[in-house]
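Contents: one structure, followed by commentary.
Values quoted throughout were computed directly from the atomic coordinates according to the rules given, and no laboratory measurement underlies them. Here the structure is a predicted model, which is why all the values come from computation and not from measurement. With ideal geometry, Cβ positions are generated from the backbone for all residues, glycine too; neighbour counts draw on all protein chains shown.
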Amino acid sequence: MRRREFLTQSAASIGGVLIYSRQVFRLSAQANQSIRIPLRFFSQAEALIIAAASSRIFPSDETSPGAREAGVAVYIDRQLAGPWGRDRYRYTQVPFEENAPAEFGYQGKATPQQIYRQGLKDLKGFHRLGPREQDQKLKQIEATLFFSLLRQNTIEGMFCDPMHGGNIDMMGWQLIGFPGPRMSNYEDVDTHFGEAFRPKPASLRQVTRGKVRPSEDLE
Amino acid sequence: MKTLPSVDVVIIGGGWTGLLMAKELGSRTALSVVVLERGGPRKTNDYGDDMDELDYTIRFRMMQDVSQETVTLRHDSSRRALPLRQHGSFLPGSGVGGAGEHWSGVCPRYLPDCFELLTHSIEKYGSKRLPEDHAIQDWGVTYEELEPHYTRVDLLLGISGKAGNIRGKQIEGGNIFEGWRSAEYPTPPTKIPYFSSMFAEAAKSLGYHPYPVPAATTSRAYTNPDGVSRSGCTYCGYCETFGCMIGAKSQPTNTLLPVIEKRKNVSIRTGAWVRRIVHDASENKGKASGVIYFDANGQEVFQPAGLVFLSSWTLNNTHLLLLSGIGEAYDPTTGKGALGRNLTHQVNFSAATAFLERPLNRFMGSGASGIMLSDLDGDLFDHSKLPFLRGGTLSARSARSLPIGEWGVVPESVKATWGPEWKKAALHYYDRTGRIGFSGEHLAYRDNYMDLDPVYKDHFGDPLLRLTLDWRENERKMADYVITKAIELAREMGAKDVTPFSGLQSYDATRYQSSHVQGGAIMGSSPERSVVNPYLQHWQLSNLFVLGASSFPQNAAANPTPTILALTYRTADAIVDRYLKNPAPLA
């Protein structure tokens, strides 16, 4: 059994303290507090690298948060530990064809878990580099399968339902004005033409008042 | 192998066609009917908590499990095929209701001339104008014959829309180019979201004839002729790849299952994966005797039956016929054999992506709510100076507006694909981006076909189905033409930036196009060039009927579900009215 590993996440992005107002995020005074989130796949060092790399892909700035605040590394950790990371959803009969044309999709043998483990080897110490060096490092691996997975998973972690571990406090949804699974837009769909209509977001568990279980927890 | 007591009817696959046939035979006859569905059970109200883009749209929770079975693809017969290792260009469903659960609900009829495409095209243009390697055929059924059944489908699903042609009388605001309809749609058009209404205005000002998309996402509460009631759409936006949380989108589980569940003579067995249709030509000439399947516990079962319906997802129909050795497999070099020929998809793409000034609130809508136009469909525009035949529809719908899939679409001037500049541009354009979609006709060609793969196996050890498929010049030139029209429309809508579709190169199995794949077990008037007769009855085994889009000789641009259901109704009538009295070939 592996040693328990944790990722430290700022409490400002956990406790529902982000306030969305005119596209400006204000972090509360609790920003210095932090909590420890148990990891399922990554070691702590790996999680720090993924948190740093995903936040260069989807950075935070003075007006809005990014991948680090949204918990993207936690999302990716859970996906890799779950059925997707083990290739439960992919046809994996031989023979594989590592150099197939792009229009056939990924035809290689490695699972997402293996692709990440291999890719992380090239990013040792990445989280300790400055932003410019980090960007240079990512540019070097831009054409790799690992990077394209990391980029796609970063987007997923920004905008998935919060039950998957990312999009903490629905901050990704607030960024783009997406309200989540809103049960009825009947009165609004043919009005508000030309004006931003931004109902308060709600997550699937909030909307259904139920314990919906994500696929990574099922298999 | 366990042998069960014989039943009158066995139906392979519990999607739209299988459950419609089960409902018709279960209600109109006393026959014992067993539906074998390889996926899991579903109930009418199963979708209260599925509105999760990650698990349903990105991880394909409702789709066929490709880890167990997929298809292989090659672009021409000189190459080695590779398996589609993950879902991509089309999405087969699984479980009770099949792909009919996760569809968008776009419900146009086919243009009348589609059913006689070969005859029509030769009459109008001469045979020299057809592509040299085409395999176009007439269907063996006409629009006139099918119209009453289309009307039954409208009523069954409660389709929302605006008629444009009632018995020859053209009606403004509807699709004036459609084939004649015997009646108005049963429910009024859906509400129209902002982007779609902008598209309608632009289309009108350019001289087109836009109309509301015919929608199975019903505009208001509706009770169909079977007494099945459904609520009206609330435009939550979770349609395609989801089941409808309130049942406003017509699905087999909320439209057919409520009737079937009341019939004691119909049962549905889930987890029942049919491996073979059994037939013994020497002892039981011209008949199927039943099916062999693996049940949910892995037990091999023989289910004898008097009448067999093959109604799985379109490609799986051809696969099971090939595995069962029923009919002669098509050979493209000799042109002999009918099973597997005329594989077509649909020429589907976002013709123009429009970047607009104002926010669109595009989280609101449904898979089918929107506006389309048919001015460039079929043979409705002059092709005499154009380098292609046929056409398709342009539309602005609000389907697939969920954030993981839609994030990061930016004008071509933005070169970054990650980092601060990319984030800033993507944030700005996220709710200012709309797509003008094209659904175009894919002609049949001699070398687009299906057979069994010599290398790759499914998890039972049987060969996978192999697709040999690529686009031809007709599709590529049609695409180039409509892209220019879509750009004009986007500009007219006020788009400052427009990204046109990059054009059709070789068939791309990673880009979702549509789940509208056709052919393999096609219908027609000759046993040499078709697998089933115009009543979808197998030419060689008269008690075997093969339902669904596998019977289409070629794609017909529009979405296929109403046509699939209309043909199923027609077959049900022929069985109840004629076949049961005299179990013999119907044609």
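Spin-label model, B:Asp577 to A:Glu133: label points 7 Å out along the Cα-to-beta-carbon direction sit 8.1 nm apart. Put simply, the amide H of B:Lys457, placed in the peptide plane, has neighbours under 5 Å in B:Leu464, leaving out anything fewer than 5 places away on its chain. Using R0 = 60 Å, the C-beta based FRET efficiency linking B:Glu300 and A:Gln140 works out to 0.65. The mean count of C-beta atoms from other chains within 10 Å of the C-beta of residues in B:45-52, rounded to a whole number, is 5. Could you name the lysines whose alpha carbon sits less than 28 Å from that of B:Lys485, not counting residues in the same chain fewer than 8 places away? Excluding near neighbours in sequence, the set is B:Lys124, B:Lys128, B:Lys162, B:Lys191, B:Lys204, B:Lys385, B:Lys415, B:Lys477, B:Lys496.
Here the protein assembly as shown carries DSSP beta bridges of which approximately 70% are antiparallel, counting only pairs with both residues inside. In this simple spin-label approximation, B:Arg129 and A:Ala110 carry label points 7 Å from Cα along the Cα→Cβ vector, and these lie 5.4 nm apart. A dipole drawn for region A:6-217 from +1 and -1 charges on Cβ atoms has a positive end, and of A:Phe146, A:Ser64, A:Met163 the residue lying farthest that way is A:Met163. Rounded, prolate or oblate, given the Cα gyration tensor of region B:259-372, with a/c below 1.5 counting as rounded? In terms of gyration-tensor shape, oblate. GNM remark for chain A: springs join alpha carbons under 10 Å apart, and the peak mean-square fluctuation among A:Thr154, A:Thr111, A:Thr63 falls on A:Thr63.
Shown for B:Met21, B:Met1: other C-beta atoms within 10 Å of each C-beta, ranked fewest to most, produce the order B:Met1, B:Met21. Averaged over the residues of peptide B:400-412, the number of Cβ atoms from other protein chains lying within 10 Å of each residue's Cβ is 4. Under 1.5 on a/c is rounded, so check that first for chain A, then, if it is not, pick prolate when a/b is larger than b/c and oblate when it is not; a ≥ b ≥ c are the square roots of the alpha carbon gyration tensor eigenvalues. Here chain A falls in the prolate category.
Peptide A:203-215 has a mean of 3 when you count, residue by residue, the C-beta atoms of other protein chains within 10 Å of its C-beta. Give, to the nearest whole percent, the P(r) tail of region B:83-217 beyond 23 angstrom, counting all Cα pairs. It works out to 52 percent of all Cα pairs. Taking every Cα-Cα distance in region B:440-587 and sorting them into 10 Å bins starting at zero, the pair-distance distribution P(r) comes out as 10, 28, 29, 20, 10, 3, 0 percent. Counting only whole DSSP H helices of chain A, the ones at least 18 Å long by C-alpha along their axis and with mean Kyte-Doolittle hydropathy no lower than 0.0 are A:44-57, A:145-159. Compute the distance from the alpha-carbon center of region B:314-343 to that of region A:137-162, in whole Å. The two parts, judged by their Cα centres, are 42 Å apart.
The overall shape of the protein assembly as shown, judged from the alpha-carbon gyration tensor, is prolate: a/c is not under 1.5, and a/b is greater than b/c.
The packing ranking of peptides B:256-265, B:576-585, B:345-354, highest mean first, is B:345-354, B:256-265, B:576-585, where packing means the average number of other beta carbon atoms within 10 angstrom of each residue. State the antiparallel share, in %, of DSSP beta bridges confined to region A:6-217, rounding to the nearest 5. Counting DSSP beta bridges with both partners in region A:6-217, the antiparallel share is about 100 percent. For chain B, the Kirkwood estimate of the hydrodynamic radius, built from every pair of different alpha carbons, is 24.2 Å. Residue order for A:Ile176, B:Ile522, fewest other beta carbons within 10 angstrom first, comes to A:Ile176, B:Ile522. Each peptide in B:526-537, B:68-79 receives the mean, over its residues, of other Cβ atoms within 10 Å, and ordering these scores from highest gives B:526-537, B:68-79. Peptides B:316-328, B:468-480 ranked from most to least packed by the mean count of surrounding Cβ atoms within 10 Å: B:316-328, B:468-480. Charge dipole (Cα centre; +1 on Lys/Arg Cβ, -1 on Asp/Glu Cβ; no other charges) of chain B amounts to roughly 560 debye.
Paramagnetic label reach from B:Lys285 (point 7 Å along Cα→Cβ; backbone nitrogen cut-off under 20 Å): within region B:560-586, residues B:582-586. Subtracting the Cα-Cα distance of A:Gln93 and A:Met183 from their residue separation scaled by 0.36 nm leaves 28.3 nm. Site pair B:Leu206 and A:Arg117 shows an inter-label distance of 5.3 nm when each label is modelled 7 Å from Cα along Cα→Cβ. So in chain B, what percent of DSSP beta bridges are antiparallel if you round to the nearest 5? Here the share of antiparallel DSSP bridges comes out near 65 percent. Near B:Ile268, the amide H atoms lying under 5 Å from its own belong to B:Val35; only residues 5 or more places off or on other chains count, and H is placed 1.01 Å from N. Once each part is reduced to its C-alpha centroid, what is the distance from region B:259-313 to region B:7-31 in angstrom? Each part reduced to its Cα centre gives a spacing of 12 Å. Once backbone amide H atoms are built at 1.01 Å from N, B:Glu261 has no partners under 5 Å, excluding neighbours fewer than 5 places away on the same chain.
Positive end of the dipole of region A:91-140 (Cβ unit charges, origin at the Cα centre): among A:Gly119, A:Gly108, A:Gln134, the Cα lying farthest that way belongs to A:Gln134. This ranking places B:Ser127, B:Ser160 by how few other beta-carbon atoms lie within 10 Å of each, fewest first, which gives B:Ser127, B:Ser160.
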